[in-house]
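Asks: Just passing along the structure, written as structure tokens.
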Amino acid sequence: MAEPTRRDALKAGAVGAGALALGSCAKPAMAGTLDGADWRRGHMIRDGKFPAPNGAEPRVGILIAGGGVAGLAAAWRMKAAGFDDFVVLELEDRVGGNARSGRNPVSAYPLGAHYLPVPNKEAVALRRMLQEFGMIVGEEGGAPIFDPYQLCADLEERLLWRGGWQEGLYPASGLSREDEIQRDRFTQAMAQLRNAVGADGRPAFAIPRVYSSADPAYTALDKVSFAAWLDDHGYSSPVLRAYLRYCCRDDYGTEPDDVSAWAGLHYFAARRGWAARGDGDRELTWPEGNGRLVSLLLEQTADHVRPAHSVFAIAQQGDEAVVDSFDHKAGSSTRWHASCVIVAMPHFVAARVAPAHTGKGRFRYAPWVVANVTVNRHPKGRGVGLAWDNVSTGSDSLGYVVATHQSASGGDGPTVLTWYLPLSKASPPEARKLMMTRTLAAWQRIIEDDLLTMNPDLAGAIDRIDVWRWGHAMISPTPGFLTDPVRTAAIEARPPVLFAHSDLSGLSLFEEAHYRGVVAAETALAHLGHSFESLI
Amino acid sequence: MGDPVRGDEDGAEPGAPASLAVILLVSVLVVATCGLIYELLAGTLASYLLGDSVTQFSTVIGSYLFAMGIGSYLSRHVRHNEIGVFVRVEILIAALGGWSAAGLFLLFPIVEDFRVALYALVLAIGILVGLEIPLLIRILRHRFAFRDLVSNVLTYDYIGALIASLLFPLVLVPWLGMIRTGFVFGLANVGVAVALLLALRGRQSVGRDLAAALIVLASLIAGLLAADRIQRWSEVAFYAEPVVYARSTPYQRIVITRRGEDLRLYLNGNLQFSTRDEYRYHEALVWPVLGRIANPKQVLILGGGDGLAAREVLRDPRVSKVTLVDLDPEMTHLFRDVPQLAQLNRHSLSSPRMQVINGDAFRWVREASGPYDAILIDFPDPTEFSLGKLYTESFYREVARLLAPAGVMTVQSTSPLIAPRSYWTVASTLEAAGLSARGYHAYVPSFGEWGFTMAAHAPPGDTVILPAGLRFLTQASERAMFDFPPDMARRPTPVNRLDNQALVRSFAEEWGHYDG
């Protein structure tokens, strides 16, 4: 395939010369939008500027406050149990939280979370959902068979390292002897931890997190930072540390200094995906990312969901919960009476809405920018061909995933690249400020520069860049988070006010949100005396 | 434009230095040679890049001569400073003519319509060259009697033409190549301009013209030195045969070449067929399948946008409908609408029995419903992960669903000689998808030993009925295709799945090894 390379070089040369000749002309503005979680509605809650509720005060069995993955999972669980007396109130115009997605004529694409690893054996409720959604298509030797069309197709990952693309995300060439020794030592240590069992007979690390061992040998890891743990264990190889930093930022949007060793190791030691045909280490993914799961959850529960409704106050009155919400379309507030409320909001919002029931605690959030870049031809590059996930060792971004990776087979046509950047270097408030003040054009320039550095072959191929900002994209599992009394109390809350969010796990994972939603739903159903068979 | 009230008042009047007249007469010879060289370059390039040399040469020469006529006509509007205008014309011709060959080579792969660029250049150079002789005659009119002047100028003009027409095929093209030839003659044009400017230096201000001439001179020398690189950059140098069509679609690069009767199609640089032997490939793809089916009414072709497999299928009167799914609308339009290409597939793509669907077969098979009595899969080789998806167990499961209970299908499966592991991976994968598979192979000179894999719900038998009039297959040679000597014999291979892409990996390894 020497010929296209030469032709591309030729084209790039011609374009370059043209750009030079036109140097003095202003470049036309790049098409795109600047959007994000609706912070105006969020700030209304912070500032408490809502009209007092008036009119009828509706009564409902269970009220779910928040239509992210935890809230929708709770709703799904109630439907599955044949329970219909519930309502989901969501602040945004669209449900899904950070698993939301977008779509343009080229492809659907994620706005945030974009894959779900094959679940561990302990994730019973999640597996039930995947079965219902046709993602598990059978059984072989007792283990589930996943739909091959929804498992991430090969090539899954490639890394730009030393001027060329290689398979996998760990640099495979140019390593010193010491780099190799430490890499192998780390790999072995993680393999051991993956199979380690605590004194209580539970796995050291599990997903959902709640199934992890409470053995202090492991929970003590929550006290130190991941970076300190690596130092203590003699992991100094710059290549290894750069890779581990990538992993921390990828999963938590946070630097290794700010992540607990427990969370840092959880990333490597908790996945024991259970599947037939050796598919246990694979991921499910879709063009729209986890937006697929959201729309399937919504399909079953849409009648109960009210978007553009901010829940701004929750209190307990006797045995019931009183919930005040504001309808952004009607501009009026309503007071609800519920036998039970499930607070399925990010915890920093929950702390403002239900101050009598929880506090601020040590919840810290990583801001992210996600850009969807529509290109009129596929990226290429020296070395191995385009993968689903494409990462550069030379970039501070996490690279890009290809939206059409699963759905198309042919050619070099247009596609959408979803580009991820956790703003992990500055403190979260500073980063949020920067994120909100930077203009669309400035973001587009940064993103275009980053992409063209990775893929100079995309020169002239970028049609539009749509930028999405998440001020509070993910919970950061900072050292000490596990023992935060606010977190523990929220987990142990009893009806009529329950909490359900992946924030409570300290891990921004679909599995955690789903688990929290299901647990809260089952607790609420039991409280109401509705009979069901537990999935926990 | 000049001031209309000023008459022609200057020119090389008697007071001008004698050296000027000599330079001017020599320049007649030079500009005549250069003018013809540019014309020959454009004609040769056009026939090389667009094919059909008779048409290209006569239209290029015709346009060029006509443009010269325009130039001669326009010369009447030059009312003063004829020598200054002549110098500028020379500088412009040097730039345009000198870069013409290199420019056309470089433009060819990137412009939408190459003909527009070609004829614009031919017209521009022709107009400028057409200005030269009338201006020279007027400049020299005071030096010679009119009778001698016309005789001298036209004599040198025709001698120059003879020199050019002999040099071009005998020396320039074989020794310098077209790109360097352009630059060398551009240097001659700008040399005339520089010599005249130096001779005129005392009489009028020449600074600006001299600077322009020197810039052009420098660019031509740079071009000359970089000629090899330009040649390498130019796509057409990649193909051994003259390129007659090249176009980038959103999906691929389509290039068609032609040498004599041999027309070839390349997609992304990979040969798809040569008209010398494509009948061998397409007979082997189609007839072992149709010959094993009692009544093939519905036929599905996946890939094969060139319509050649469809041509074979449509020869069978039992076939009532052919559905062809090809990704690239440009391909199917090309092979349906361009007469020369539609002739190759005997207008199969516009047959009333044909339905062409432009779409991604990977998506299409999941939504389509059968049954099809015969399915012919003719995709490009699995050179990339994206193409590898079209050879997976998941894909074949969908195809199997579309195949009638007594239907037969076949898959072009790369070379069993060069890539035996890849070749047999296709059979293993078809079997994993629940089908019975049987390999066969044929010798196609352009490709070498080529493999196919037949599959059906029950093991395909030996009995085959072939139509009359095939050029390659007979009962005996058909039977022989199923025999594999030890160097191509079946070996154990993995199943190609979406999540392992075993085929793309082994294909790269085996062909990489073969290519060295």
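The values are calculated or read from the model by the stated rules, or taken from the named source; none is laboratory data. This structure is a prediction, so every number in the text was calculated from the model and none was measured. Every residue, glycine as well, gets a Cβ built from its backbone with ideal geometry; the counts of neighbours run over all protein chains shown.
Asks: Given the conditions (1) crowded, with 19+ Cβ neighbours inside 10 Å; (2) among the basic types (Lys, Arg); (3) more than 14 Å from chain B (Cβ to nearest Cβ), which single one is not true for A:Arg158?
Replies: Result: A:Arg158 fails condition (3) only.
Asks: Also, quick follow-up: Out of everything in the stretch B:248-272 that is closer than 13 Å to B:Leu334 by Cα and away from chain A (no Cβ under 13 Å), what residue ends up being surrounded by the most Cβ atoms within 10 Å (Cβ to Cβ)?
Replies: In this case the residue turns out to be B:Leu265.
Asks: Quick one: count up the residues across the stretch A:236-266 that are under 18 Å from A:Pro117 (Cβ atoms) and among the acidic types (Asp, Glu).
Replies: 2
Asks: Any chance you could count how many residues in the stretch A:17-53 are at pLDDT below 90, exposed (fewer than 14 other Cβ atoms within 10 Å of the Cβ) and closer than 30 Å to A:Leu452 by Cα?
Replies: Total meeting the criteria: 13.
Asks: Right, A:Asp503: touching a Phe, Trp or Tyr at 6+ places or on another chain (Cβ under 7 Å), acidic (Asp, Glu) and touching a residue at least 60 places away in the same chain (Cβ under 8 Å) or not?
Replies: So A:Asp503 passes the test.
Asks: Would you mind finding the one in B:Ala310, B:Ala284 that is buried (at least 22 other Cβ atoms within 10 Å of the Cβ) and more than 23 Å from B:Ser350 (Cβ to Cβ)?
Replies: Just one listed residue meets the conditions, B:Ala284.
Asks: If you take the residues in the stretch A:384-404 that are over 22 Å from the mean Cα position of the chain (by Cα) and within 12 Å of chain B (Cβ to nearest Cβ), which one is nearest to A:Arg292 (Cα to Cα)?
Replies: The extreme case among them is A:Leu386.
Asks: Just name the residue that is nearest to the other protein chains (Cβ to nearest Cβ) out of those in the stretch A:405-416 that are surrounded by 21 or more Cβ atoms within 10 Å (Cβ to Cβ) and modelled with pLDDT of 90 or more.
Replies: A:His405
Asks: When you scan the stretch B:365-372, do you find a residue that is in contact (Cβ under 8 Å) with a residue 60 or more places away in the chain, more than 11 Å from chain A (Cβ to nearest Cβ) and not small (Gly, Ala, Ser), even just one?
Replies: yes
Asks: Restricted to the stretch A:88-130, and to residues that are within 28 Å of B:Asp360 (Cα to Cα) and among the polar types (S, T, N, Q), which residue is surrounded by the fewest Cβ atoms within 10 Å (Cβ to Cβ)?
Replies: That would be A:Asn104.
Asks: Same structure again: Could you give every pair whose Cβ atoms fall below 9 Å, whose first residue belongs to the stretch A:315-334 and is more than 18 Å from A:Glu92 (Cβ to Cβ) and touching a residue at least 60 places away in the same chain (Cβ under 8 Å), and whose second residue is outside any strand (DSSP E or B) and of a type in the set (Ser, Thr, Tyr), counting only separations of at least 6 or pairs across chains?
Replies: none
Asks: Something else now. Being within 26 Å of the chain's Cα centre (by Cα), among the acidic types (Asp, Glu) and within 21 Å of A:Val210 (Cα to Cα) narrows it down to one residue among A:Glu132, A:Glu167, A:Glu122, A:Glu157; which is it?
Replies: Among A:Glu132, A:Glu167, A:Glu122, A:Glu157, only A:Glu122 is within 26 Å of the chain's Cα centre (by Cα), among the acidic types (Asp, Glu) and within 21 Å of A:Val210 (Cα to Cα).
Asks: Being within 14 Å of chain A (Cβ to nearest Cβ) and surrounded by 20 or more Cβ atoms within 10 Å (Cβ to Cβ) is the filter; apply it to the stretch B:107-137 and report the residue that is farthest from B:Val28 (Cα to Cα).
Replies: B:Pro109
Asks: For residues in the stretch B:373-413 being small (Gly, Ala, Ser) and over 35 Å from the mean Cα position of the chain (by Cα), which is farthest from the other protein chains (Cβ to nearest Cβ)?
Replies: Filtering first and then ranking leaves B:Ala406.
Quick grid of which residues meet (1) out of contact with any Pro (no Cβ under 6 Å at 6 or more places or on another chain); (2) under 30 Å from A:Val224 (Cβ atoms); (3) surrounded by fewer than 20 Cβ atoms within 10 Å (Cβ to Cβ); (4) at pLDDT 95 or above:
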site: A:Trp262; (1), (2), (3), (4): yes, yes, no, yes
site: A:Pro287; (1), (2), (3), (4): yes, no, no, yes
site: A:Leu297; (1), (2), (3), (4): yes, no, no, yes
site: A:Pro307; (1), (2), (3), (4): yes, no, yes, yes
site: A:Asp327; (1), (2), (3), (4): yes, no, yes, yes
site: A:Trp336; (1), (2), (3), (4): no, no, no, yes
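Asks: Here's another thing I want to ask about it. Say whether the condition of being closer than 24 Å to A:Arg282 by Cα and away from chain B (no Cβ under 14 Å) is met by at least one residue in the stretch A:343-364.
Replies: no
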